[in-house]
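The values are calculated or read from the model by the stated rules, or taken from the named source; none is laboratory data. None of these values were measured; they are calculated from a predicted model. With ideal geometry, Cβ positions are generated from the backbone for all residues, glycine too; neighbour counts draw on all protein chains shown. Heavy atoms of the whole protein, side chains included, go into the accessibility calculation; ligands, DNA and RNA do not. Shrake-Rupley method; radii C 1.70, N 1.55, O 1.52, S 1.80 Å.
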Amino acid sequence: MSASASESGVGRTGRVLVTAAVVGALFVPVALDRDGLPLSTYPMYSSARPAEVTLVTAYGLDEAGEQVTLSLGVIGRSDDPLVVAGELRSAVRADRADDRCEEIAGRAATAGSLDATVVGIEIVSERYDVVDRVESSAAPLARTVHATCPLDEGG
């Protein structure tokens, strides 16, 4: 019986050590303030967000100058909104909004689903109150036009 008790003690000790190692590994990123595996602190989700947000986007413009919503594929050749928004922000920051506008106009001219009344493209930054926008689709607090260009009729 003492051999069995000894084996059970070793097994229990092993389980305790493995459990302690796993728990320790989970808390290392928190203790070192590093985001990573096996436990992420996700700092982008754990901090307070601002009350206002600025979004960069592109619109089609009809003959009256009214906005027409464009698909993600027309704006950025992708169906991922984060990729499309990131590319637009980068173009605006690098002062390449005019070039980007012409690229979008070229794609818009060949887009089969595009409203036939669209005659131009506009790249803008719009600042919104987050709560008002979510609750009521409120208009932007501020709007900056970075580029406007005619639709590329040549395709």
### Whichever residue in the range 97-155 is closer than 30 Å to residue 48 by Cβ and assigned to a loop (DSSP other than H, G, I, E, B) and, among such residues, is modelled with the lowest pLDDT
137
### Query
For the range 130-140, what are the residues that are open to solvent by 90 Å² or more (accessible area, probe 1.4 Å), over 17 Å from residue 67 (Cβ atoms) and of a type outside the set (Val, Ile, Thr)?
135
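Here is a check on your reading of the model: is residue 82 touching a residue at least 12 places away in the same chain (Cβ under 8 Å), over 23 Å from residue 63 (Cβ atoms) and in a helix (DSSP H, G or I)? Working first, answer last.
Details: touching a residue at least 12 places away in the same chain (Cβ under 8 Å): no; over 23 Å from residue 63 (Cβ atoms): yes; in a helix (DSSP H, G or I): yes.
Taking the combined requirement at face value, the residue does not satisfy it.
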